Amino acid sequence: MIAKELLNPKSIVVCGASSDIHKPGGKALKNLLESPFRGPVYAVNPKETEVQGVKCYANVSDLPQVECAILCIAAKFCAQTVDVLAKEKGCKGFIIISAGFSEENAEGAAIEKHIVDTINSVGGSLIGPNCTGFLNVNYAGCFDAPIPTLDPKGVDFITGSGATAVFIKEYGMSNGLKFNSVWAVGNSAQLGIEDVLEYLDETFDPEKSSHVIMLYMEKIGDPQRLLKHSRNLINKGCHIAAIKSGGSAAGSRAASSHTGALATNDAAVDALFRKAGIVRCQNRQELTTVCGVFMYPEIKGNRCAVITHAGGPAVMLTDVLSNGGMEVPSLKEHPASPALLEKLFAGSSVGNPIDFLATGTAEQLGYIIDTVENEYTDIDFSVVIFGSPGLFSNKEVYDLLDQKMKSCKKPIFPVLPSIINVKDEIEDFIAKGNINFPEECVLGNAICKIYNTPKPKSGIIENLPVDKLLVPPTDEPDKADVVAVAESIREEGFLTPITVSPMDGGYCVVNGAKRARAAALVGLKEIPAYIREGAVAAEQPDIDVVRIRRTIDRCKNGYLEMADYNELLDAAGISRKKSVEVSKKEDALAFAKEVGCSKDVPLVMKVVGPLHKSDVGGVTLGVKDLDTVSKEFDRLMAIKDTYAVEMYPMLDGTEVYVGAMRDPKFGHQVFFGLGGIFIEVLKDVESVLVPTSKDEVLEKLKNLKGYKILEGVRGQAGVNLDLYAEQVVRVSALVQAAPEIAEMDLNPLLGNPRYVTAVDARIRIEK
């Protein structure tokens, strides 16, 4: 829990205070004095006796008791200052604006650690260091500008970058966005983004708390905590939008599999945000616009009425909405349209967009909005576009729009683009508590993003007390194995959730006994666990966990042999072709005879050994007789690195793909899409974080560019999407049971209306 002395202090000191408001200490004091804070304010500066009308102390030792401190002094002085404030002055709230800590060198990191240890010892809370500060409706503990309009129902903004926060605030404020709090966490030495989210989650009050949270992140320290608290907040009625920057580079680890080439940090972030229900944004304009939409009543459907007096912007908005999955339905034939048209000037149109011309009046706009509200029952929300060429004031129109926005049940979003010609009228409109969206296409994209971001399912992963976990005697792991896993946890942290089932007084460990015991040995109090009876658990397939664990435990690190990965696929219930691996020609011929190799039962022959079989000519399709079997066996065995030939009856269907990749922070991610040799060229794949459900997979499949191919086109049979989604979910269940799987490819699977079957697999494990 965050200390109340940070959130609502009764007294505050600015260390490094200055009369020069162009210095951080001077600007921080000025912001504080101009904020709503009315308690005692102290200043510390050995060179001054009074700063900005505030009594100034030469040393923190001379201060009276104080609850919160803002430090704007050199890093080398911060540790001693914190020691005195925390241990002698009763201070528990700390905002360290100063830089020169862990972001700079090892010496700075050591100072930072000392400060955190001291603050922790008194139960205090720290924002920073190396930050712009913190502000809420109680006070401004920051040195930057501008200070936004503070409102308990405004946006809670949490950012890892102070400078970026300034630019985001400026853009949002210019359009009327209000803020409840701004947390610039800087180095996150103690409090990071996940910690603030946890606090907002645990203290959420539907009547008093902000319902909109804005995030800017350059790193995600704890994905599982971010997922948990974001999901909880959204399920409680909050809305969250976020920028996660720095995702353009490929993953840091080299990988030889198709999945390894596709698995970037950015893909994992996308999957995490989608699972959490966070609307991901790419720039500050988009971020503030999404949050602005969140501040209005929630859109309940996807049908929009575009109301305008200018044709061009309306057409562009209609295009954006339509391309983004929204509808702008024609209203021309609606029974209410003739009566509405009679109230408008000649030449107006009610087809949707509803265009009431450049000469349209406030009265006419009122008629249109009332008709949308009361008569057009197939409309869910509206966008009103109304600017000015600079010939007249728009005040009457904007006053009417303000009234209708407050009285109508259907959301109305204003696009007032003339930010120079009617600047004063727009400022008056914003002063009444409204948010303006000056660019219609940006608004349209924001609406589409919000509508297309699914709400999270509850009950997926929870942090459970280790002492409440029961390992059945039959599953009790070997002590030596537990010690080895414990060492791994000490080095890398607890990476993958275990699986449990609720029982009286605790939870029975279904999968992960070794990790549960190791967590207790390490001394962890809580670990993430997947609760099988949760919302997604009911949709999870039954798999043979014991068989999977037996196979994994006997295998060495690296790529698995065919017999071993086939064993894993069978234990997970993943459909695969029935094949043999032969190193002798007589065995190849015997198998061909056994399955009845002929034109009706053609065979596939593939090299075993080379990584990319097609690249070396190591795949032969449509083998229809024994003579060809003999010749192809000799040819394939002669290819470099080949030690055997895989053989199986040829299947038909569309090539699809499923893969999995383990990320050190995000856990396992499962990928799926069109397969075959073009997977890395087209990269037409989607991904989910483990665990997943069939519903989630089916919804994500629709995002594929090749989705129509999966459905079937031009007489070609499609893929059974239910069966395909089931294979994806089974891969998810497999990597949950075997977190040692580092990379996995099923490429291709052949899919048709009857089956979706894996014909090639690669699995690499890292214990």
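Nothing in this text is a laboratory measurement; each read-out follows from the coordinates by a stated rule. These numbers were taken from a predicted model, which means no experiment stands behind them. Neighbour counts are summed over all protein chains in view; Cβ atoms, including those assigned to glycine, are modelled from backbone coordinates with ideal geometry.
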Ordering 206-216, 483-493 by per-residue average of other C-beta atoms within 10 angstrom, highest first, gives 206-216, 483-493
Computed over the Cα atoms, what is the radius of gyration of the stretch 580-649 divided by 2.2 N^0.38 Å, N being its residue count?
0.99
ALA109 and GLU586 label points (each 7 Å along its Cα→Cβ direction) are spaced in nm at 6.4
Highest mean first, what order results for 662-674, 625-637 on Cβ atoms within 10 Å?
662-674, 625-637
What number results when the radius of gyration of the stretch 148-295, computed over Cα atoms, is divided by 2.2 N^0.38 Å?
1.06
May I ask you to evaluate 6.51 cos²θ - 1.76 cosθ + 1.60, the Karplus curve with θ = phi - 60°, for each residue of the stretch 684-689 and list the ³J(HN,Hα) values in order in whole Hz, giving x for glycine and proline?
8, 10, 10, 8, 9, 8
Charge dipole magnitude, Cβ of K and R +1, D and E -1 - the chain, Cα centre, debye nearest 20
540
Here the Cα Rg-to-2.2 N^0.38 Å ratio for the chain is 1.14
Can you tell me what the convex hull of the Cα atoms of the stretch 1-133 projects to on average, as an area in nm²?
7.3
Determine, from the Cβ-Cβ distance of SER121 and GLN80 and an R0 of 22 Å, the FRET efficiency 1/(1 + (r/R0)^6), rounded to the nearest 0.05.
0.90
Here, the stretch 590-698 modelled as identical Cα point scatterers in vacuum has Debye log10 I(q)/I(0) at q = 0.09, 0.16, 0.17 Å⁻¹ of -0.36, -0.86, -0.91
Residues in the stretch 368-400 that a label on GLU327 would reach, taking backbone N under 13 Å of a point 7 Å out along Cα→Cβ
377-381
Between LYS300 and TYR643, what length in nm is gained on full extension when 0.36 nm per residue of separation is reduced by their alpha carbon distance?
117.4 nm
Between helix 440-452 and the chain, what is the angle of the helix's C-alpha long axis to the longest principal axis, kept within 0 to 90° and rounded to the nearest 10?
50
Quick one: length gained pulling VAL483 to ASP615 fully straight, 0.36 nm per residue minus the C-alpha distance?
43.2 nm
How much length is gained on full extension from LYS624 to VAL546, taking 0.36 nm per residue of separation minus their Cα-Cα distance?
24.1 nm
Given a Förster radius of 25 Å and the C-beta distance between ARG635 and ALA563 as r, what FRET efficiency does 1/(1 + (r/R0)^6) yield to the nearest 0.05?
0.55
Taking Cα atoms, how many degrees apart are the long axis of helix 562-571 and the longest axis of the chain, rounded to 10 and kept between 0 and 90?
60
Set of lysines near LYS409 by C-alpha distance (under 20 Å), chain-local residues within fewer than 8 positions excluded:
LYS153, LYS300, LYS432
LYS4 and ALA717 label points (each 7 Å along its Cα→Cβ direction) are spaced in nm at 7.0
Simple spin-label model, 7 Å along Cα-to-Cβ: ASP205 to ALA145 in nm?
3.4
Please determine, in degrees from 0 to 90 and to the nearest 10, the orientation of helix 24-33 with respect to the longest principal axis defined by the Cα atoms of the chain, where the helix direction is its Cα long axis.
60
Sorted by Cβ density within 10 Å, fewest first, the residues VAL60, VAL509, VAL84:
VAL84, VAL509, VAL60
For the stretch 5-11, in residue order, the Karplus 3J(HN,Hα) values (coefficients 6.51, -1.76, 1.60; θ = phi - 60°; whole Hz; Gly and Pro = x) are 5, 7, 7, 8, x, 8, 8
Sort 469-478, 192-201 by the packing proxy (mean of other Cβ within 10 Å over each peptide's residues), most packed first.
192-201, 469-478
Inter-part gap, Cα centre of the stretch 414-429 to Cα centre of the stretch 260-309, in whole angstrom, is 26
